[in-house]
Every structure is written in C-alpha cells, then in structure tokens.
Amino acid sequence: MLQTAKNYEQSSDFAWNEGLSQANALEIYRALSVGIEIQQSPELGQLVRASDSCTPIQRWFQYREGYTLELCNRIFRSDESLVVDPFCGFGSTLVAARRRGFASVGIDANPLAAFVAKVKTRNYTRRTLDDIEVQIGALARIRSGVRAEVPLLRIIEKVFHPEILDALLCLQSRILSFDNDKVRDFLLLGWIAILEDVSNVFREGNGIKYRNRIRNGNSYTVSPYEQWAAMRFPEDKFQFVKRKLVDQLKLMLEDIRAEKRSGAEPLVKHGDAEDLRDLVPSQGASLALFSPPYCNCFNYIKAYKVELWMSGFIRTYADIGKLTALGIRSRVESVLSPVVDPYPEEIDSLIGLMDPFGLWSAQLPEVIKGYFADMRSRLATVYSILKPNGRCAIVVGNSAYAGVIIPSDLLLARTAETVGFKIEKIEVCRHLTTSSQQRRRLLPVKEYMRESVIHLVRC
Ligand SMILES: C[S@@+](CC[C@H](N)C(=O)[O-])C[C@H]1O[C@@H](n2cnc3c(N)ncnc32)[C@H](O)[C@@H]1O
C-alpha cells in the first residue's frame, strides 16, 4: 500500500483550509494512481447505470442501482466457464450470463434482490408457463377473498390507500396459495413489482417520499390526502390493482416466452458475498463481475422497505437489524463499533483533510473505514474462487464527504492488489455530480468524482 509523505492529522490549532485540503487530497489521488492505466471510456457512461428499464426481463422490476446487460456483454469473453456476482442485486450479470449460455452464481444480502434475480433467471418449462397463464386468468377473475396478514410496518396506512391495501392483500393471499413454487414466485414477483406504482410513495434518494408532498424549492406543499387520492386512483380500487397486476404478469410472461435461453440455471442465494466460498469451488470461476454498494451511505434495505415488508422478507423490526448487519458497512446504520480490521491507510489521511464541521454524522469516518475493511475481505473471497488468470471487473462510483473525495476506484484497486490481484486498468465511465456546495469545493479535484470499472486479474 502506498505511503503518503505528509502527516495530515489535525493539530489543536487546526483551522480548515479548503485550498490546502484539496491540494493535499490531490497529492494522495495522484500517488494512488501511479502505475495504473486510467482509460477514459465515456461510451460506458450509459451502461453503468440502470438504463435497461425497457429491456425484456430487466423491466420486470424497476431497479435504479443496477447496470445494463450491454455492459456485461462487453466484459464477457466468448468462453466464460463460470461467471460469479457476489453482489448480484436484481440479477443483471446473471441475466446476461444466462443469455450467453454461461453458468453463473449470484449472491446478495438483500433477500428481495436475491428473490428477483432468481425468478428472472430460472428455467421455466412450457408446462409451467401454461400454468402461469391459467393462473393469471384466474387472478383476473377474482372479485374478493381471504386477505393475507397486514404487515407490521408502522407507516403502512400512509403508504397505501386502505382499499388498495385490501385488494393487494386479497391478491397476495391467492398467489401464496399456489403449490408450484415456480408459478407462485413468478406471480409474487409481478405483485411486488406493482407495489410502488399503486402506493402513495415513490423511491427517491436514500428512502421513500410521499407523492402528495410536492417539493417547492426548500419547502413542501402537501395536498390533502383524500383529494390527492381521488385524483390519482379510480373509484374501483380493487379493479385498478388487479388490472395493474394482470398487465404486469402478461408482460413478464411475454418476455419469458420470447427469451431464448441456453445453459444451466444460475445458482442464486441470499447471503453475504463471503458465502461464495461455499457455493463455488476454489479456483472455479473464470470471471467475477459485480458492483458492490458504493461508499455513499445508500441503504438498500431502507430504499426497498415497502417491498420487503409487503412480501414478508421483513416481518419484525428486529429483522431490519439482522439484514443491515449482513451488508457491507457502507452506511451509518451498519457501523456499531470502531473498525479494527485492516483498511487502506490513505483513508485516515483523507479523513484528516475533511472539513471537521462538514460531516453530517460523527459516524462517517467509521463508515468509510468499515466499507474498505469489508471490501478487502470480500475481494479476498473473490480472489480465492477465481481460476489463475481469472478476471474480476468491479463497477464502482466515488463519493465525497465534507469537501473531500473518497476515490473508491483507486482505493479498491489498491486493496485488491494487497490480496493478490494485478490491476489491469481502470476505465472511467462518467463523471458524477454532487450538491452545488460540494461541487464548488471539489472544483480542483473534480476529475476524481467519477464512476469507473476496475479491471483486475488473478495472478
Ligand atoms: C450496486 S447493487 C448491485 C446491482 C447489480 N449489479 C444489478 O445490476 O442488479 C449492490 C448490491 O450489493 C448488495 N450487498 C450489500 N452488502 C452485501 C454483502 N455483504 N454481500 C452480498 N451483497 C451485498 C446490496 O443488497 C445490493 O443489492
């Protein structure tokens, strides 16, 4: 790991100097970059973000944190023997591998993500598809019935209009009664996929926002709920929800009938990336292609909490803590104690350069350290399951805290080196934006605020 020449620790008479801080940060970024081929690849800019929302199969569930099938295709070689994705999210790598006939294994700490990835990539016989079609017809004819249990999510009444919640629970109860797990899971995914659309909320940033609260500059205008709901939802709410579900399921069925699949069904599990060691033989994979959480405090559990509660992956508030503990320490909720495992030493220097009054949580330094410590152990796992000369491609975005950029692409590449990888190159795909205040501060180092693909080779 590179040494930085200066001691950037704050002294007692420290007064934060923006210019000096950026000059010192730049020196660290340059030192980290020495000997790495940094290639500008703007043509990948659209491919590292979820711009696949109209692509068959990918459109089954709107997921903003994924990348495209096209990106995977550019990274695959013609003869991949086994592709692994230790942070498989909603399954882009696995869907792309499936289409090319490559065996693949995926794992994700979010049970909803693992479920969606599995349903998107599993095998369906013609008979199963015919069964699904029959059940879609049966769902279309439902008028009433037994309701599934109301989830214990405290805000549930604010998230759904009562008649819409009633319709959803009635349809869910019918779906859960199907014995054939492939039919049931397919229908359940369609049901999960419409939840946001029929709710009073939408996902934004790191959580959910109420649709009847409209942002007006720095304040909100709140429409009276009943008035807003009358404009948004038709009179017959049951019919409305049922129509959405049936349309969604028909689209999914159309995609799966049209898809030409070859090769084995991917193995998809809910769990920690570390568990890959139990799923893949040592030196068994030819390619690891993934995008880990970014070091930006995005909380995947919070962002998908409505879907997680509604589908039963979360049943109690204690479950949230358990799921959070499983993820990479990339957010304040996941850092419960000081980080003691190894992380790149440049992190301490960069933290020392931050505006001491600019951190929105005192936990952030530990979040950053924890993120890189966790990623180091996951990279070691990936290394162990790759064949000699096996490749690893990591899509990651850099982040900024208190006026200092954390260059995750360079830091992860250097961390990968410490577990045995050779750095082939870093492809810079696009530049990332920040708040206007940060943007002004980061002007001298803005080229490091970017999203990249790190290419590594197992020696
Ligand atoms: C950027 S997303 C991956 C998106 C994916 N490439 C796609 O296109 O759908 C990162 C994923 O890492 C998962 N994750 C976080 N910590 C994890 C861990 N320790 N092990 C496995 N997955 C984890 C999150 O739940 C999230 O789904």
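Per-structure values
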read-out	value
The chain, accessible area per residue, ligands and nucleic acids excluded (1.4 Å, Å²)	44 Å²
Computed accessible area, ILE208, all protein chains, 1.4 angstrom probe, square angstrom	40 Å²
Mean separation of Cα contacts under 8 Å (6+ apart) over length of the chain, as relative contact order %	22 percent
Taking the C-alpha atoms of the chain, convex hull volume expressed per residue in Å³	153 Å³
Amide H contacts under 5 Å for SER104, placed H, 5+ residues apart	VAL83, LEU267
Reach of LYS446 by Cα under 26 Å, taken over lysines that are not fewer than 8 positions away in the same chain	LYS6, LYS369, LYS425
Cα Rg, Dmax (largest Cα-Cα span) when computed across region 110-230, Å	17.2, 55
Between region 191-215 and region 410-436, the alpha-carbon center distance in angstrom	33 Å
Relative intensity, log₁₀ I(q)/I(0), of region 391-459 from a Debye sum that treats every alpha carbon as a point, q = 0.13, 0.21 Å⁻¹	-0.38, -0.80
Test item: Cα-centred dipole of the chain, Lys/Arg +1 and Asp/Glu -1 on Cβ, debye	1060 debye
Whole-angstrom gap from region 275-311 to region 337-371, using each part's C-alpha centre	23 Å
Degrees between helix 317-326 axis and first principal axis of the chain (Cα, 0 to 90, nearest 10)	40 degrees
Sum of -39500 (n - 2.57) over DSSP H runs of 4+, divided by residues of the chain (222 nm, nearest 500)	-12500 deg cm²/dmol
In degrees, nearest ten, helix 111-121 long axis to first principal axis of the chain (Cα)	70 degrees
Rounded FRET efficiency, nearest 0.05, which uses the C-beta distance separating GLU65 from GLU43 and R0 of 25 Å	0.75
Full-stretch length increase - GLU447, LYS387 - with 0.36 nm per residue and alpha-carbon distance subtracted	18.2 nm
Separation of the ASN73 and PHE202 label points, Cα + 7 Å toward Cβ, nm	3.0 nm
Computed label-point distance, nm, for sites THR55 and LEU129 using a 7 Å Cα→Cβ extension	2.0 nm
Semi-axis lengths, Å, region 305-459, gyration tensor of Cα atoms, sqrt of 5 times eigenvalues	25, 24, 16
Extended-chain gain in nm, criterion 0.36 nm per residue less alpha-carbon gap, SER337 and ARG143	64.6 nm
Loop sites in region 122-165: GluC sites (Glu not before Pro), DSSP, at most 16 other Cβ within 10 Å	GLU149
Simple spin-label estimate for SER262 and SER177 in nanometres, 7 Å along Cα-Cβ	4.3 nm
DSSP bridge orientation in the chain - percent antiparallel, rounded to nearest 5	60 percent
For CYS459, solvent-accessible area (1.4 Å; no DNA, RNA or ligand), Å²	90 Å²
Heavy atoms of GLU274 accessible to a 1.4 Å probe, total area in Å² rounded to 10	60 Å²
Too-long pairs where the Cα-Cα distance tops 28 Å, listed order kept, from LYS118/LYS422; LYS242/LYS269; LYS182/LYS260; LYS209/LYS269	LYS118/LYS422; LYS242/LYS269; LYS209/LYS269
The chain, accessible surface, carbon-and-sulfur percent (1.4 angstrom probe)	50 percent
Rounded to 10°, Cα long-axis angle of helix 237-258 versus longest principal axis of the chain	70 degrees
Relative contact order (%) - region 338-459, alpha-carbon pairs under 8 angstrom, separation at least six	31 percent
Extended-chain gain in nm, criterion 0.36 nm per residue less alpha-carbon gap, LEU20 and SER223	68.3 nm
Unit charges at the beta carbon, dipole of region 126-258: most positive-side option, PHE240, LEU169, ALA138	PHE240
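The values are calculated or read from the model by the stated rules, or taken from the named source; none is laboratory data. Model, not experiment: these values are computed from the prediction. With ideal geometry, Cβ positions are generated from the backbone for all residues, glycine too; neighbour counts draw on all protein chains shown. Protein only, heavy atoms only, side chains kept; ligands, DNA and RNA dropped before computing areas. Shrake-Rupley method; radii C 1.70, N 1.55, O 1.52, S 1.80 Å.
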